[in-house]
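*Asks:* Before anything else, here's the structure in question.
The values are calculated or read from the model by the stated rules, or taken from the named source; none is laboratory data. In this text the structure is predicted, and so the values were computed from the model without any measurement. Methodologically, a virtual Cβ is constructed for each residue, glycine included, from the backbone with ideal geometry; neighbour enumeration extends over all protein chains shown. With ligands, DNA and RNA removed, areas are computed over all heavy atoms of the protein, side chains included. Shrake-Rupley method; radii C 1.70, N 1.55, O 1.52, S 1.80 Å.
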Amino acid sequence: MMNALPVIAKRLDDANRSATATHQLSDDQHVDAATGYAIQAMGIELRQQRGERIVGVKMGLTSRAKMEQVGVDEVTWGRLTDAMRREEGGTLVRTDFIHPRAEPEIAFVLNRRLTGEVSMAEAALAIEAVTPAIEIIDSRYENFKFSLGDVVADNSSSAAFFIGSYARPDVDITNLGMVLSIDGMPREVGSSAAILGHPLRALVAAARMTARAGHVLEPGDIVLAGAATAAVPLTPGMQVEVEVQDIGRVRFDVS
Ligand code: OOG
Ligand code: MG
């Protein structure tokens, strides 16, 4: 039985709001990436109808470590809303999520519109600030298992994010150490170079891929470049911190 796309978008939205996993779309029908993006847009519209505002985008699967962890080897993107943003140093409630994982990331804050085919130099000029970031991903699918179309439909697993303090836009981000620590002990260690060879490429990809969907990156938007390492499952009591060399730290607790 083929389900209409709005029905699927609603099922994923319900799964998110009730923190209850749902079965993969590919159990019922094949969903390609283009269909996945159409479902994602419908799901975001449901959020907007509840008053949420788009504040940027997240890039996903921009590093080999991430691609290998979930078995999907294409770069994806999703939308970030104001309701997904969490206070730096704050507390994340484990039961608000299905099976949350934390990822060490770098975020860009934009100072101008950026859309379509842009060069690395143009992308660099659009950066107001660079910040350390943590993305919380929480696949709405059972066992965190999905195909490319499935994960795209599910807003690329995005659930929440933390942004640290702003660093100057001209800091060299080519090859910075990135450490995700749990309770003060390093758990995942990587380099910003793992993100498409240079995290700026994630911003170039964001401008290009979002434009295909008619989405434009606006001044003030936040763009998460994607995780440099595998994601770490969260359990109550954990203290999570990400440090990005030369940029700074960002942390939160899990209750
Ligand atoms: C897909 C989202 C991946 C990243 O930073 O690579 C992602 C997933 O792993 O569930 O956010
Ligand atoms: Mg991510």
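*Asks:* Does any residue of region 79-88 turn out to be crowded, with 17+ Cβ neighbours inside 10 Å, touching a residue at least 12 places away in the same chain (Cβ under 8 Å), within 16 Å of ligand 2 (Cβ to nearest atom) and more than 15 Å from Ile137 (Cα to Cα)?
*Replies:* no
*Asks:* Which of the numbered conditions does Thr174 fail, given that it passes all the others? Conditions: (1) in contact with a strand residue (DSSP E or B) (Cβ under 7 Å, 6 or more places away or on another chain); (2) under 21 Å from Arg64 (Cα atoms).
*Replies:* In the conditions (1) in contact with a strand residue (DSSP E or B) (Cβ under 7 Å, 6 or more places away or on another chain); (2) under 21 Å from Arg64 (Cα atoms), Thr174 misses (1) alone.
*Asks:* Any idea which residue in region 33-64 is nearest to Ala228 (Cα to Cα), counting only those that are assigned to a loop (DSSP other than H, G, I, E, B) and either within 14 Å of ligand 1 (Cβ to nearest atom) or open to solvent by 70 Å² or more (accessible area, probe 1.4 Å) (or both)? Quick ask: steps written out before the conclusion?
*Replies:* Going through region 33-64, the residues assigned to a loop (DSSP other than H, G, I, E, B) turn out to be 50-53, 61-63.
Filter again for either within 14 Å of ligand 1 (Cβ to nearest atom) or open to solvent by 70 Å² or more (accessible area, probe 1.4 Å) (or both), leaving 50, 53, 61-63.
Details: Arg50: 33, Arg53: 27, Leu61: 9, Thr62: 8, Ser63: 6 Å.
Going through the qualifying residues, I end up with Ser63.
*Asks:* How about region 97-140: which of its residues are within 13 Å of ligand 2 (Cβ to nearest atom) and either in a strand (DSSP E or B) or over 14 Å from the mean Cα position of the chain (by Cα) (or both)?
*Replies:* Scanning region 97-140 gives Arg101, Ala102, Glu103, Pro104, Glu105, Ile106, Ala107, Ala133, Ile134, Glu135, Ile136, Ile137.
*Asks:* Let me ask something else. Please indicate, with yes or no, whether at least one residue in region 234-246 is farther than 25 Å from Val171 by Cα, assigned to a strand (DSSP E or B), in contact with a Pro (Cβ under 9 Å, 6 or more places away or on another chain) and within 16 Å of ligand 1 (Cβ to nearest atom). First the steps, then the outcome.
*Replies:* Keep residues of region 234-246 that are farther than 25 Å from Val171 by Cα, which gives 234-239.
Subsequent filtering for residues that are assigned to a strand (DSSP E or B) retains 239.
In the following step, the residues that additionally are in contact with a Pro (Cβ under 9 Å, 6 or more places away or on another chain) were identified as none.
No, region 234-246 has no match at all.
*Asks:* Looking at Thr229, is it within 22 Å of Arg94 (Cα to Cα), hydroxyl-bearing (Ser, Thr, Tyr) and either buried (at least 21 other Cβ atoms within 10 Å of the Cβ) or under 16 Å from the mean Cα position of the chain (by Cα) (or both)?
*Replies:* yes
*Asks:* Can you name the residue in region 1-30 that is at pLDDT below 95 and not in a helix (DSSP H, G or I) and is also most open to solvent (accessible area, probe 1.4 Å) among such residues?
*Replies:* Among them, the one singled out is Met1.
*Asks:* Another question about this same structure. Can you find, within region 162-205, the residue that is most open to solvent (accessible area, probe 1.4 Å) among those that are in contact with a Lys or Arg (Cβ under 9 Å, 6 or more places away or on another chain) and closer than 20 Å to Met120 by Cβ?
*Replies:* The extreme case among them is Ala194.
*Asks:* For region 65-78, which residues satisfy the criterion of being open to solvent by 20 Å² or more (accessible area, probe 1.4 Å) and more than 9 Å from ligand 1 (Cβ to nearest atom)?
*Replies:* We begin by selecting, within region 65-78, every residue open to solvent by 20 Å² or more (accessible area, probe 1.4 Å); these are 65, 67-71, 73-75.
Result: Glu68, Gly71, Asp73, Glu74.
*Asks:* Out of (1) in a helix (DSSP H, G or I); (2) more than 15 Å from His99 (Cβ to Cβ), the odd one out for Phe161 is which?
*Replies:* Among (1) in a helix (DSSP H, G or I); (2) more than 15 Å from His99 (Cβ to Cβ), Phe161 violates only (1).
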